[in-house]
Amino acid sequence: MSAVPQFDPVIHPPVRLQLAAALSKVSDMEFGRARDLLGVSDSVLSKHLAQMQEAGYVRLRKAPLGGRQRTWLVLTSQGRSALQGHVRALQDLAGIIG
């Protein structure tokens, strides 16, 4: 029997996985856009971002937009690598059960 794939515990929760996937396709994303895309509240997104930021997977950048200060989310190279590894683990799991 093959070894059980190891998931990244930071990326694994659905909101974080969806966020990492969305950020992997862009150079950055404004906080409000990410919140709306994921369908979560500001506080829920902030909590997930704190975990991802602590792991070094996401960097936050403040910049003005439309005369107001906005927060931009950037997936780091470490975050991209973690996402790729997590997706490989999911594919391995699918291969075991499929």
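Some values worked out for this structure:
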item	result
Amide N proximity, the range 68-97 versus Ala3 label position 7 Å along Cα-to-Cβ, cut-off under 20 Å	81-97
Virtual paramagnetic centre 7 Å along Cα→Cβ of His12, amide N under 15 Å, in the range 67-98	83, 85-94
Inter-part distance where the range 62-95 and the range 1-44 are each reduced to a Cα centre, Å	7 Å
Heavy-atom accessible area ranking, 1.4 Å probe, most first, across His48, His86	His48, His86
Heavy-atom accessible area order for Phe7, Phe31, largest first, 1.4 Å probe	Phe7, Phe31
The chain - accessible surface per residue (Å², probe 1.4 Å)	62 Å²
Largest-first ordering by accessible area, 1.4 Å probe, given options Met52, Met29	Met29, Met52
Helix-derived mean residue ellipticity, 222 nm - over the chain, DSSP H n ≥ 4, -39500 (n - 2.57), to 500	-17000 deg cm²/dmol
Carbon plus sulfur fraction of accessible area for the range 35-81, probe 1.4 Å, in percent	48 percent
Reciprocal mean inverse distance between Cα atoms of the chain - Kirkwood radius, Å	14.2 Å
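The values are calculated or read from the model by the stated rules, or taken from the named source; none is laboratory data. Since this is a predicted model, take the numbers as computed values, not measurements. Quick reminder, even Gly has a Cβ in these numbers, built from the backbone with ideal geometry, and neighbours come from all protein chains shown. In case anyone asks, the SASA skips ligands and DNA or RNA and just uses the protein heavy atoms, side chains included. Shrake-Rupley method; radii C 1.70, N 1.55, O 1.52, S 1.80 Å.
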